[in-house]
1. What residue, of Leu25, Leu64, Leu42, Leu6, is closer than 22 Å to Asn154 by Cβ and not in a strand (DSSP E or B)?
2. Provide a single number: the residues in region 46-61 that are under 18 Å from Thr124 (Cβ atoms) and not in a strand (DSSP E or B).
3. Filter region 280-296 for residues that are among the aliphatic types (A, V, I, L, M) and closer than 23 Å to Thr329 by Cβ and give the result.
4. Determine which single condition Leu142 fails, assuming it passes every other condition in (1) outside any helix (DSSP H, G or I); (2) out of contact with any Gly (no Cβ under 9 Å at 6 or more places or on another chain).
5. Please work out which residue is nearest to Arg182 (Cα to Cα), limiting yourself to region 20-48 and to residues that are among the β-branched types (Val, Ile, Thr) and modelled with pLDDT of 95 or more.
6. Tell me whether region 71-78 contains one or more residues that are acidic (Asp, Glu), modelled with pLDDT of 95 or more, touching a Phe, Trp or Tyr at 6+ places or on another chain (Cβ under 7 Å) and in a loop (DSSP other than H, G, I, E, B).
7. Among Gly178, Gly121, which is assigned by TED's automatic domain parsing to the domain that holds Met36 and surrounded by 16 or more Cβ atoms within 10 Å (Cβ to Cβ)?
8. Looking for whichever is among the aliphatic types (A, V, I, L, M) and under 19 Å from Pro116 (Cβ atoms) here; the options are Ala23, Ala33, Ala55, Ala18. Which one fits?
Amino acid sequence: MVFTFLVGGKAGEGVKKAGSVAASLFVSMGRHAFEMDDYQSLIRGGHNFSVVTTATRKVTSHYLQSDVVVCLDERSYSLHKAHVAPKGILVYNSDTTKGEGIGIPFTSEANPYPDPRLILGVGTVAVLSAVVGQTKEELKTLIENEYPRGVEHNTAYAAKIYDTARPLVGGTYLLERGDKKRGFLSGNQAIALGACAGGLDIYVAYPMTPSSSILHYLAAHREELGITVIHPENEIAVINMAIGAAFAGAVSMVGTSGGGFALMQEAFSLAGMTETPLLCVLSSRPGPSTGVPTYTEQGDLRFALNQGHGEFPRIVASPGSVEEAFYLTAELLHIVWKFQTPGILLTEKHLSESSMTIDIDCEEAQWVKPVFHTNGEYKGIQILLMGYRPYSLCHLRS
């Protein structure tokens, strides 16, 4: 059975986190899941919502028609009441909204706790827990694992909302368990891990949505992954630093979006002229100029194909799924080193920031096999014997 959960509210109310916790719950049941997050370019007040679809079969996108919709404010209620499935449940915050459905006083129950706005998302998880038939003890364990900060307040608040929701919606959807627990990754996480599986040594980037989470993820796990992560002052510094690292023999990758990649054009041409292997992740924004950073469009193909000045080989490829993003990133690193030329991994917000359950095998990833000279001598016969001949097809090896 396909089941979809949608949660909406203001930025700063824990909506995105609630979506990821819902996905974590489904994954723990051995089910497939797909999560899509939508948000505005506002730290507080903008409308955010997350949609999580789960099934016992593979799910490759979200379903907007939702079995359970939880709205924390009036705007969410107005926007998403039309997204309730024919036999679905609509739950709204009775402190902010009046309408059809089931009203629960999320705000009133949260007010006694520190940072009451931040805790509202915990209440939506409690509603979902009641709907799918979890016990209060199971909910407590979920909250303790997913909300470790202020765990005492979070569990107490979740219990209150659960007690309110249980008589109204308890056990409406009893979800079948899946066959096994799988990995759950966003597209950007898959790109990051695919690069590491392919032999990445250094990642250089300046934050630019929707590519920023590659930088965040690799920086957070740089020690476990054994890579160097650098955040320079701007995109020009990013690509020049990466070219220098690659020219010295480090397997290098950069990430940005359209505006940032525009700043990289001259250095991208430099990589083409010097035949320096470099992989650039270009995560598109919709619209011209700086675009709309939190929405999605696949509009940068021609920009990627014609990147740089003059004529030189450019390799451009785009993954079609989160799983493919893992393997393609590793393969592109291999290809740019094989052909000693820059390449572009073209993606966009929907793939970059959506998450899904996947089965990946690190051993199946392509591994970079660079050829180097070893004794520092540049006499033609020495380099020929070493098998390292830059600027010549003779240096390639399969």
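The values are calculated or read from the model by the stated rules, or taken from the named source; none is laboratory data. Predicted model only: the values in this text are computed from it and were never measured. Reconstructed Cβ throughout: ideal geometry from the backbone, glycine too, with neighbour counts over all protein chains shown.
1. Among Leu25, Leu64, Leu42, Leu6, only Leu25 is closer than 22 Å to Asn154 by Cβ and not in a strand (DSSP E or B).
2. Selection size over region 46-61: 1.
3. Result: Val281, Leu282.
4. Here Leu142 meets the rest and fails (1).
5. Within region 20-48, the match that is nearest to Arg182 (Cα to Cα) is Val27.
6. Scanning region 71-78 turns up no residue that is acidic (Asp, Glu), modelled with pLDDT of 95 or more, touching a Phe, Trp or Tyr at 6+ places or on another chain (Cβ under 7 Å) and in a loop (DSSP other than H, G, I, E, B).
7. On inspection, the qualifying residue turns out to be Gly121.
8. Ala18
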